[in-house]
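The values are calculated or read from the model by the stated rules, or taken from the named source; none is laboratory data. Because the structure is a prediction, the values reported are computed rather than measured. Cβ: placed from backbone, ideal geometry, glycine included. Neighbour counts: every protein chain shown.
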Amino acid sequence: MGEQTMEQRILNRMVEQLELEDIDQEAFDYSTPIFLADETDTEGLGLDSVDILELVVVIHEEFGVKVELEDMSKLRTVEAIAEYIREHS
């Protein structure tokens with residue numbers, strides 16, 4: 001098995017930590033919003049404000065990157081998270 005991309009590693013940890021069993025990881029689009037914009041939004045993973053806190057812990061534990069409070073709003077997609085990690089590693 002080849003080495004995973006950073007996006008794959010992030011998605012794997014999110015699925016594991018946040019118990020997102022319904023996600024098809026093979027077909028997942030890394031540019032998909034991970035948070036719902038509002039109650040009528042049908043795109044994205046549907047994560048909420050509590051989930052972002054867990055995600056920040058995952059980023060720190062898995063990649064050694066501390067996410068600053070003011071940067072949390074940047075973490076809108078798996079692609080954006082990967083870019084943030086690359087910039088702050």
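Listed here are the residues, each with its yes/no results for (1) modelled with pLDDT of 90 or more; (2) over 11 Å from the mean Cα position of the chain (by Cα); (3) buried (at least 16 other Cβ atoms within 10 Å of the Cβ); (4) assigned to a loop (DSSP other than H, G, I, E, B).
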| residue | (1), (2), (3), (4) |
| --- | --- |
| Arg9 | yes, no, yes, no |
| Arg13 | yes, no, yes, no |
| Glu16 | yes, yes, no, no |
| Asp22 | no, yes, no, yes |
| Ala27 | yes, yes, no, yes |
| Tyr30 | yes, no, yes, yes |
| Asp38 | no, yes, no, yes |
| Thr42 | no, yes, no, yes |
| Glu54 | yes, no, no, no |
### Task
State the number of residues belonging to the range 74-89 that are among the hydroxyl-bearing types (Ser, Thr, Tyr) and outside any loop (DSSP other than H, G, I, E, B).
2
### Summary
Counting only residues that are free of Cβ contacts under 8 Å to residues at least 24 places away in the same chain and part of a loop (DSSP other than H, G, I, E, B), the range 56-72 contains a total of 3
